[in-house]
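Data first, discussion second: the structure below is written as structure tokens.
What follows draws every value from the coordinates through simple rules; no lab data is involved. Everything numeric in this text was worked out from a predicted model, so none of it was measured. Quick reminder, even Gly has a Cβ in these numbers, built from the backbone with ideal geometry, and neighbours come from all protein chains shown.
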Amino acid sequence: MEDIQKVALVTGGNQGIGAAVVTKLASDGFFVVINHHSDSSKQAAEQLAETLEREYGIETMVLQADVADFDQVKEMVASIKDRFGRIDVLVNNAGITRDGLVMRMGADQFESVVDTNLGGTFNCLRHVAPIMVKQRSGRIINISSVVGVYGNAGQVNYSASKAGIIGLTKSAAKELGSRNITVNAIAPGFIETAMTAQLDEKANAALTDRIALNRLGQADDVAASVSFLASDDASYITGQVLGVDGGISL
Ligand code: NAP
């Protein structure tokens, strides 16, 4: 078998689910590229990269870019290609929320969430796909959400962006399948990260009641599914939406 060193790009890889994904893929032996957005997250991204290099003997790269910006993503992808020559796994994980009721939601509140979550996923797909097509192999894993399937009051912007990711995933799976590229989505339920930290105790208890497994999920639960979809064992799975939600959707 050909001995190829595989490379994974994880957007929003500096914290939360993204950091868990980066860590899991590094432990699987991938060279990892950690994308982050804010200046304030640079240090955390660099620390994580150093730890993973030490722990797993892999190579890493930290790249700051706004996934919502087509040209910044183009530049980011070009610098990965320059350094490693390939991209085997793309995890579109970067995402934001700006919740509010639809009657009060501003255009900017809607657009910023859709541009980052859905636009960012498109931008990365757009620039990484040609590299994977040339390689005749690749795995694209898009982090959607259970609310993209079922909806959620107060999140028309976020749930629209996450539903859009599911449509994008299925269409890209059809386009790219003949080139040995799989495209799948993961729809996490409620996972304990900074994004869900603002829930108060009452909201938390009400939420937990709706989850068959009776607990919130952990970032590692999502990371394990990404690792599976990136593995050889998942080579015949494409265009799917994998729920990692403790049974909240049952
Ligand atoms: P988080 O802790 O808030 O992390 C979000 C990440 O996205 C950060 O690394 C952030 O980078 C990055 N990001 C935000 N805007 C970006 C941009 N324009 N360009 C590049 N990176 C950007 O969130 P999380 O809970 O880990 O969520 C990760 C993904 O899972 C998101 O797509 C989220 O929608 C999805 N998800 C989460 C849950 C949940 O319950 N937590 C459930 C379903 C789906 P900076 O720190 O540099 O800003």
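Some notes on this structure:
- Highest mean first, the peptides 227-239, 118-130 sorted by other C-beta atoms within 10 Å per residue fall in the order 118-130, 227-239.
- With the biggest extent put first, the Cα atoms of the stretch 195-250 measure 42, 22, 16 Å across the principal axes.
- Here the mean projected area of the convex hull built on the C-alpha positions of the stretch 9-103 is 6.9 nm².
- Inter-site label distance for E75 and Q47 at 7 Å from Cα along Cβ, in nm: 2.7 nm
- Both radii are taken from the alpha-carbon atoms of the chain; with Rh as the Kirkwood radius, Rg/Rh is 0.95.
- Tilt relative to the chain, helix 219-230 - C-alpha long axis, 0 to 90 degrees, to 10: 40 degrees
- Nearest-ten-degree value, helix 156-176 long axis tilted from longest Cα axis of the chain: 30 degrees
- Ordering of 59-67, 85-93 by packing [mean C-beta count within 10 Å, highest first]: 85-93, 59-67
- Here K74 is the anchor, and the lysines within straight C-alpha reach of less than 24 Å, apart from those fewer than 8 places off in the same chain, are K6, K42, K134, K162, K170, K174.
- On the basis of the beta-carbon distance and an R0 of 25 Å, L250 and M103 show a calculated FRET efficiency of 0.25.
- In Å, descending, principal axis extents of the Cα set of the stretch 92-241: 50, 37, 22
- Based on Cα atoms of the stretch 141-205, Rg over Rh with Rh as the Kirkwood radius reads 1.10.
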